[in-house]
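Heads up, the thing below is written out as structure tokens.
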Amino acid sequence: MPETLSPYPARVERLRNALPEKDALLILGEKNIRYLTGFAGSDGALMVGPDWLTLLVDGRYVTQARQEAVGAEVFEFRIRVEGIESVARRQKVGAVDFESQVLTVDEYLRLQEKLSGVTLRPLSGELQSLRAVKDEGEIGCIAEAARIASEALADVLAMVRPGVREKEIAVELEYRMQQTGAELAAFETIVASGPNAALPHATPGFRTIGPGDCVVIDYGAVSGGYHSDETCSYFVERADPRQREVYDRVKEAHDRAIRAIRAGVSCGEIDRIARTCLDEAGLGEYFSHGTGHGVGLDVHEGPRLARGREEILQAGMVVTVEPGVYLPGLWGVRIEDTVLVTDGGCRILTGSPKELTIL
Ligand code: GLY
Ligand code: MN
Ligand code: MN
């Protein structure tokens, strides 16, 4: 891609923002490296100086790095820590801010030994904040991932009936998503039926779906490296009054939270709105996780929509809204959409219907 059309140099510039002359940033997270350069390999290190940018990779990735990385010199290493040392010495770096959530203690100790005289400091959340606000290209990828996923779900819904196993549906859904253009499933697809639906992160197993079950399907696709995340909950053949009541309340919590989303509102406020709706119905104790999270190159990234979070939503953030009620040993319901925050509200990117549906 010509550098002028590429989003990467501007991202690096924003990260560099007032980087002192002799400092460097050491970026190690594979998604962060991709975000800043376009290099999509699964291993490497990116060093960012005030006026230089070096992508360090091992021999497996040299060709790919030269093809994909925009604006970065490619440096081949045999041992990562030694490569970092070479670049730091060559650039006469005095301090390195490293990604403390990614560097292992082992590598940190070796780096400390190699870079004696260089100050090592943990990098705080700058990258997380940068990545939280998406540009048009990123939003397009997430919307495309969501489109592929919903289309695949529509194709497999006929399978959700008595006698079919959870795993058969999950495998078929992942197959269809990839056949329709997904690079991968966004995460291990959840198909949870009956009492398994009371586990927010159930793994699909060999349970056979029966009449009266609630079936929670939490699924997403990856397109252009970006994820979608959506959950639909269905009832099989019938829904009893309590199931309808709980479903309607979870839907109301989801709708109220979505109506409240707009630039300028805090993440904690959105969580409070969803939680209050379930509390009012005596269901608050069964809502055991946060209301949502950012989605992008990772399926879970900043910001978090959870109790007390003061971070303010900004236009361009893409977040999920996913209230749920889980009744241990019985069943559960979750309704999740991925939405784009705008100045006046939000745009829902995930397309499957969320009205109560009996299959
Ligand atoms: N699929 C994981 C989640 O909804 O957060
Ligand atoms: Mn999900
Ligand atoms: Mn989610």
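Just the residues that are away from ligand 2 (no atom under 16 Å from the Cβ) and either of a type outside the set (A, V, I, L, M) or surrounded by fewer than 14 Cβ atoms within 10 Å (Cβ to Cβ) (or both), please, taken from segment 200-212. Step through it out loud before you land on a result.
First, pick out the residues of segment 200-212 that are away from ligand 2 (no atom under 16 Å from the Cβ): 205-212.
Result: 205, 206, 207, 208, 210, 211, 212.
Return the residues of segment 144-180 that are in a loop (DSSP other than H, G, I, E, B) and either in contact with a strand residue (DSSP E or B) (Cβ under 7 Å, 6 or more places away or on another chain) or under 24 Å from residue 329 (Cβ atoms) (or both); say none if nothing qualifies.
Filtering segment 144-180 down to residues in a loop (DSSP other than H, G, I, E, B) leaves 160-164, 180.
If the condition is that a residue be in a loop (DSSP other than H, G, I, E, B) and either in contact with a strand residue (DSSP E or B) (Cβ under 7 Å, 6 or more places away or on another chain) or under 24 Å from residue 329 (Cβ atoms) (or both), then 160, 161, 162, 163, 164 are the ones that fit.
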Checklist entry - Assuming residue 86 fulfils every condition listed in (1) part of a helix (DSSP H, G or I); (2) at positive phi apart from one, which condition is it? => result (2)
Checklist entry - Could you say whether any residue in segment 238-255 is within 22 Å of residue 145 (Cβ to Cβ), of a type outside the set (Val, Ile, Thr) and within 16 Å of ligand 1 (Cβ to nearest atom)? => result yes
Next on the checklist: Based on this model, can you work out whether residue 309 counts as in contact with a Pro (Cβ under 8 Å, 6 or more places away or on another chain), charged (D, E, K, R), more than 26 Å from residue 210 (Cα to Cα) and outside any helix (DSSP H, G or I)?
Outcome noted: yes
Checklist entry - Of everything in segment 175-199 that's within 18 Å of the chain's Cα centre (by Cα) and not acidic (Asp, Glu), which residue is surrounded by the most Cβ atoms within 10 Å (Cβ to Cβ)? => result 177
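Every residue, every condition in (1) under 16 Å from residue 22 (Cα atoms); (2) part of a strand (DSSP E or B); (3) acidic (Asp, Glu), yes or no:
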{"residue": "43", "(1), (2), (3)": "no, no, yes"}
{"residue": "47", "(1), (2), (3)": "yes, yes, no"}
{"residue": "56", "(1), (2), (3)": "no, yes, no"}
{"residue": "101", "(1), (2), (3)": "no, no, no"}
{"residue": "117", "(1), (2), (3)": "yes, no, no"}
Item to check | Residues of segment 275-321 classified as farther than 23 Å from residue 35 by Cβ, in contact with a Leu (Cβ under 9 Å, 6 or more places away or on another chain) and within 13 Å of ligand 2 (Cβ to nearest atom), total | outcome: 3
Item to check | Candidates 308, 351 - the one that is at pLDDT below 95 and either more than 14 Å from ligand 1 (Cβ to nearest atom) or surrounded by fewer than 17 Cβ atoms within 10 Å (Cβ to Cβ) (or both) | outcome: 351
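Quick check: anything in segment 148-157 at pLDDT 95 or above, within 12 Å of ligand 2 (Cβ to nearest atom) and closer than 30 Å to residue 68 by Cβ?
Taking segment 148-157 as the starting set, the residues that turn out to be at pLDDT 95 or above are 148-157.
Filter once more, so that each one left must be within 12 Å of ligand 2 (Cβ to nearest atom): 149.
From what's left, closer than 30 Å to residue 68 by Cβ: 149.
Among the residues of segment 148-157, at least one is at pLDDT 95 or above, within 12 Å of ligand 2 (Cβ to nearest atom) and closer than 30 Å to residue 68 by Cβ, which makes the answer yes.
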Checklist entry - Cβ-Cβ below 6 Å, separation at least six or inter-chain, first residue in segment 227-239 and among the basic types (Lys, Arg), second away from ligand 3 (no atom under 13 Å from the Cβ): which pairs? => result 238/212
Item to check | Pair list, Cβ under 6 Å, 6 or more apart: segment 202-223 residue closer than 16 Å to residue 333 by Cα, other residue more than 16 Å from ligand 2 (Cβ to nearest atom) and part of a strand (DSSP E or B) | outcome: 209/193; 213/193; 214/235; 214/331; 215/193
Next on the checklist: I need a count of the residues in segment 213-228 that are within 13 Å of ligand 2 (Cβ to nearest atom) and under 14 Å from residue 318 (Cβ atoms).
Outcome noted: 3
Checklist entry - For residues in segment 227-248 being in a strand (DSSP E or B) and more than 14 Å from ligand 3 (Cβ to nearest atom), which is surrounded by the fewest Cβ atoms within 10 Å (Cβ to Cβ)? => result 234
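Conditions tested, residue by residue: (1) of a type in the set (Phe, Trp, Tyr); (2) closer than 25 Å to residue 299 by Cβ; (3) touching a residue at least 12 places away in the same chain (Cβ under 8 Å).
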| site | (1), (2), (3) |
| --- | --- |
| 11 | no, yes, yes |
| 20 | no, no, yes |
| 67 | no, no, no |
| 75 | yes, no, yes |
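In segment 206-226, what count of residues is obtained for those that are under 24 Å from the mean Cα position of the chain (by Cα) and not in a strand (DSSP E or B)? Write out each step before concluding.
Our first condition is that a residue be under 24 Å from the mean Cα position of the chain (by Cα); within segment 206-226, this holds for 215-226.
When the remaining residues are screened for being not in a strand (DSSP E or B), the result is 220, 224-225.
The number of residues fulfilling the criteria is 3.
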Item to check | Enumeration of residues in segment 318-351 that are within 14 Å of ligand 3 (Cβ to nearest atom), over 21 Å from residue 277 (Cβ atoms) and assigned to a loop (DSSP other than H, G, I, E, B) | outcome: 349
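Has segment 126-135 got any residue that is in a loop (DSSP other than H, G, I, E, B) and surrounded by fewer than 20 Cβ atoms within 10 Å (Cβ to Cβ)? Before the answer, list the steps.
Filtering segment 126-135 for residues in a loop (DSSP other than H, G, I, E, B) gives 134-135.
Add one more test, that the residue is surrounded by fewer than 20 Cβ atoms within 10 Å (Cβ to Cβ), and what stays is 135.
Checked segment 126-135: at least one residue is in a loop (DSSP other than H, G, I, E, B) and surrounded by fewer than 20 Cβ atoms within 10 Å (Cβ to Cβ).
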Next on the checklist: Looking only at segment 270-305, filter to residues that are within 21 Å of the chain's Cα centre (by Cα) and surrounded by fewer than 17 Cβ atoms within 10 Å (Cβ to Cβ); which one of those is nearest to residue 349 (Cα to Cα)?
Outcome noted: 300
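The values are calculated or read from the model by the stated rules, or taken from the named source; none is laboratory data. A quick note: this is a predicted structure, and the numbers were derived from the prediction, not measured. Cβ atoms come from the backbone with ideal geometry, glycine included; neighbour counts cover every protein chain shown.
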